[in-house]
């Protein structure tokens, strides 16, 4: 289940999404590690549009922009907390009530961190700033691209 939450939290493409992985402790450490590695790889592949083994800022922001649009259900140019907490854009609809409750806790923390002006909605400007911060955080060697190793390091 940890892999599902990891992948779902990564789907947002916002700042701190990579750092949002939460170990649920229900599986042995080796299984959790394997699940996390697989989830990071899936997320990496999603962002690495051209499959060259690197995620450029343009690739990263493009997926983030797509995700922002997916979360903006009413198409008003911003993402409300209600929209952000909806499991559908997280691709997490067929899970137990307990697992969904745990995911909502994670998403609530993410939303609260992303909503920097604390007005209850994520604006396009907040989204863009968050994406830039997230990319810079993951690009450890500051070469303008995120490698799988860099993404795995942030996910630890």
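The values are calculated or read from the model by the stated rules, or taken from the named source; none is laboratory data. In this text, all values refer to a predicted model and were calculated from it rather than measured experimentally. Neighbour counts are summed over all protein chains in view; Cβ atoms, including those assigned to glycine, are modelled from backbone coordinates with ideal geometry.
Count of segment 95-119 residues, restricted to those that are touching a residue at least 24 places away in the same chain (Cβ under 8 Å) and part of a loop (DSSP other than H, G, I, E, B), is 2. Just to verify a result, which residue in segment 46-64, among those that are free of Cβ contacts under 8 Å to residues at least 40 places away in the same chain and part of a helix (DSSP H, G or I), is surrounded by the fewest Cβ atoms within 10 Å (Cβ to Cβ)? Taking the candidates together, the pick is 58.
Residues satisfying the criterion are present in segment 120-133 (criterion: at pLDDT 90 or above, in a loop (DSSP other than H, G, I, E, B) and touching a helix residue (DSSP H, G or I) at 6+ places or on another chain (Cβ under 8 Å)).
For (1) more than 24 Å from residue 40 (Cβ to Cβ); (2) modelled with pLDDT of 95 or more; (3) touching a strand residue (DSSP E or B) at 6+ places or on another chain (Cβ under 9 Å); (4) surrounded by fewer than 16 Cβ atoms within 10 Å (Cβ to Cβ), each residue gets a yes or a no:
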| residue | (1), (2), (3), (4) |
| --- | --- |
| 79 | yes, yes, yes, no |
| 88 | no, no, no, yes |
| 93 | no, no, no, yes |
| 103 | no, no, no, no |
| 110 | no, no, no, no |
| 136 | no, no, no, yes |
| 145 | no, yes, yes, no |
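Contact map, segment 66-81: residues that are without any contact (Cβ under 8 Å) to a residue 40 or more places away in the chain paired with residues that are surrounded by 19 or more Cβ atoms within 10 Å (Cβ to Cβ) and in a helix (DSSP H, G or I), Cβ distance under 6 Å, separation 6+ or inter-chain. Pairs shown: 73/83. Determine whether residue 38 is modelled with pLDDT of 50 or more, surrounded by fewer than 17 Cβ atoms within 10 Å (Cβ to Cβ) and touching a helix residue (DSSP H, G or I) at 6+ places or on another chain (Cβ under 7 Å). So residue 38 passes the test. Suppose the filter is in contact with a strand residue (DSSP E or B) (Cβ under 9 Å, 6 or more places away or on another chain), part of a loop (DSSP other than H, G, I, E, B) and under 30 Å from residue 50 (Cα atoms); does residue 73 pass it? It is true that residue 73 is in contact with a strand residue (DSSP E or B) (Cβ under 9 Å, 6 or more places away or on another chain), part of a loop (DSSP other than H, G, I, E, B) and under 30 Å from residue 50 (Cα atoms).
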